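Since every read-out is calculated from the coordinates, none of them should be taken as a lab result. If you're wondering where the values come from, they're calculated on a predicted model, not measured in any experiment. Note: ideal-geometry Cβ built from the backbone for every residue, glycine included; neighbour counts use all protein chains shown.
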Amino acid sequence: MSIAIAVCIITFRRPLGLEKLLAHLAKQEGISRDEVLVVVVDNDPEGSARPIAEAARRGGLTIAYAEEPVPGIPRSRNRSVEIALASGAARLCFLDDDEYPSPTWLVRLHGHAAATEAPVVTGPVLPVLPEGAPSYLAGSRIFTPRRYRTGQRRDRAATGNAVVDRRVFEAMEPWFDESMALTGGTDTELFRRAHTAGFAIEWCDEAVVYEDVSRERCSLRWIGRRHFRQSLGSARFGRRYGGGGIAMARILAIGSYRFMLGLALSVLTLGIVPSLRLRLVENLSSGAGLLLGGFGVTLDEYRRADRAAIALERPPAR
């Protein structure tokens, strides 16, 4: 059997999401199952995803299941890349375990990569809000992702919806930075680094993936934390790849503007109007994240404990 595509999935105690994702992969149209290997790396030391992977294998998917007991998203992603490359796959696709692809996702994504020979192709991840979620959330920047025309060049991508030519991984070292295991953003960092190294990233708007949004994520507290974390990451990568002092000044200027806008909204609205209260949280959180991130603060978002830790970023060891 010749594997053309390896679909890499890492998971941690999300059985229903993984089961739904694998069911949708089994229904992909326009591409032979014999060409596709699904790599499932389970970051749960108890191997809770094994029965789900075995059930999907019995259902007809070609599955490579592995357990990665060392905690951390980048460690698990690197393990999935190792397995995919060893299989001989020409391209590696990535999905998250709270997502599920549209029926033509894989053929669209792979087809665009094959037709254009773009080393990296990415596409939209469309959130699906739970029943009863406040209507104003649909307008949030988190829940209304930007979309681009097919073929447009980008300088970033994420593992929520991407296909990567194996030569990118053969040329890049390290892959997903394991020193960032707790802060998140290792996929953003990898693709920014790949872009800097000259690997083109293209958008395919027809390759649609959906993300189930949990009820917990519909709270202002979660939205604020998400904006804060994303802005910390944006500031970090802006400093690293954006061009020195000019990038630093731009980050601080945008952060100051958003933070002051949030303060102004809090004074003018007193938090009464729900949609404006959402904008208040978004701007305060993203502004604070950019300001603190501009000075090197990081957030240990994925620490497996009751509370995440905030620390000053240290440069990587040489």
Dipole of region 5-217, positive direction: furthest Cα of 63, 136, 163, with charges on the beta-carbon = 136
message = On a full-extension model of 0.36 nm per residue, what is the gain between residue 57 and residue 222, subtracting their alpha-carbon distance, rounded to one decimal in nm?
response = 55.9 nm
ask   = What do the square roots of 5 times the Cα gyration tensor eigenvalues come to for region 72-120, in whole Å, largest first, as semi-axes of the equivalent ellipsoid?
value = 21, 16, 9
Residue 7 long-range amide H proximity, modeled H, under 5 Å = 37, 38, 39, 93
inquiry  = At a 10 Å Cβ-Cβ cut-off, how would you order 42, 97, fewest neighbours first?
reply    = 97, 42
request  = Sort 217, 75, 33 so the one with the fewest other Cβ atoms within 10 Å of its own Cβ comes first.
outcome  = 33, 75, 217
message = Please report the net charge: other residues with Cβ closer than 14 Å to the Cβ of residue 86, K and R +1, D and E -1.
response = 0
key: For region 53-210, the Rg and Dmax computed from alpha carbons only, in angstrom   = 16.2, 47
nm² value of the averaged projected area, convex hull over the Cα atoms of region 1-140 = 9.7
key: From the C-alpha gyration tensor of region 3-74, square roots of 5λ in Å   = 21, 13, 10
